[in-house]
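Some notes on the structure that comes next.
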Ligand SMILES: Nc1ncnc2c1ncn2[C@@H]1O[C@H](COP(=O)(O)OP(=O)(O)OP(=O)(O)O)[C@@H](O)[C@H]1O
Ligand SMILES: [Mg+2]
């Protein structure tokens, strides 16, 4: 079954089908892998109820399919709000978000949001937690094949039958990542997913998430405060400033082919981004 056909099935049977107007078959190839979502944000402004001023003002961005985009900015500039608007968890006051040409109107199995806390079910095993998305989408037939492959991908094959409570914070975040990827989304939305982890675990996950995203061709929007994290993970960075939340810098990142933290190319790119941040955010 193709990727597209699987989602078509999920939409007929699943609970979250009201999310988007169906994608015409011509917009995606019949390849078994996700090709990544094309995300377009058009004149988007948002004001929270009861607030005097806009917290996001006139944001327009195009994210091509397969790009890893970092949203960086100081606390309160509207990064999480923007991510929630992209995911359809909230609706904007003005403007809109379009994924593969369709206006986002709610949640969908085609995109997943990962937060700082992994929110797993503590009484279930690693494999059961990883299978939850497939279970909710009534795609249980795919579990025996997909879950072991996903656990392999996130480096947790040896932990499949362990209770998630026995895992470290970094391992739990890996379970959450496996669960997020199980339904083969085209778009991964990450809201500071590594900020509660120690530096070493965080580095490993930063590299692994980029590698997995590139292997699967996913589009990724990553919210972070951390300039080094943006330079390690992203193809492109948008720097946001507050009052009202807006984009002040849009720059492609070129930290060298290996993205090694110790390489001169990486350090030069990190320093360039840090300077842009200091002078514009
Ligand atoms: N539910 C809400 N009601 C009213 N105002 C809100 C609400 N959520 C966020 N805000 C305000 O909107 C602005 C943007 O908040 P948001 O959480 O998007 O910022 P952020 O960039 O993600 O910050 P952080 O880096 O601290 O997570 C802030 O001024 C915040 O106080
Ligand atoms: Mg936030």
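Every number here is computed from the coordinates shown, using simple stated rules; none is lab data. Not measured: the values here are computed from a predicted model. Using ideal geometry, Cβ is built from the backbone for each residue, glycine included, and neighbour counts are taken over all protein chains shown.
Say R0 is 35 Å: what FRET efficiency, to the nearest 0.05, do residue 52 and residue 215 get from their beta-carbon distance? The calculated FRET efficiency here is 0.15. Where is the GNM fluctuation largest for the chain (alpha-carbon springs, 10 angstrom cutoff): 66, 88, 256? Comparing 66, 88, 256 in a Gaussian network model of the chain, the most mobile one is 256.
How many angstrom lie between the C-alpha centres of segment 47-121 and segment 227-281? One Cα centre to the other: 20 Å.
Would segment 114-181 count as rounded, prolate or oblate if I go by the C-alpha gyration tensor, calling it rounded below 1.5 in a/c and otherwise prolate when a/b exceeds b/c, oblate otherwise? Judged from the Cα gyration tensor, segment 114-181 comes out prolate (a/c at least 1.5, a/b above b/c).
Using a cutoff of 8 angstrom between alpha carbon atoms and counting only pairs six or more residues apart, the relative contact order for the chain works out to 25 percent.
For segment 67-121, the pair-distance distribution built from all alpha carbon pairs, in bins 10 Å wide starting at 0, is 20, 50, 28, 3 percent. Taking every DSSP helix (H) stretch of at least 4 residues in the chain, weighting each as -39,500 (n - 2.57) and dividing the sum by the residue count yields a mean residue ellipticity at 222 nm of -10500 deg cm²/dmol. In terms of packing, defined here as the mean over residues of other Cβ atoms within 10 angstrom, the peptides 161-174, 234-247, 47-60 line up highest first as 234-247, 161-174, 47-60.
Inter-label distance, residue 203 to residue 262: 0.9 nm, where each label sits 7 Å from its Cα along the C-beta direction. According to the square roots a ≥ b ≥ c of the eigenvalues of the Cα gyration tensor, what is the shape class of segment 140-233, taking rounded for a/c under 1.5, prolate for a/b larger than b/c otherwise, and oblate for the remainder? Verdict is oblate for segment 140-233. With Rh defined as the Kirkwood radius, the inverse of the mean 1/r over Cα pairs, the Rg/Rh of segment 103-145 is 1.01. Take the Cα of residue 119, step 7 Å toward its Cβ, do the same at residue 254, and the gap between the two points is 4.0 nm.
Its alpha carbons give the chain an Rg and a Dmax of 18.6, 53 Å.
Build a GNM of the chain with springs between Cα atoms under 10 Å apart, and of 38, 46, 260 the one that fluctuates most is 260.
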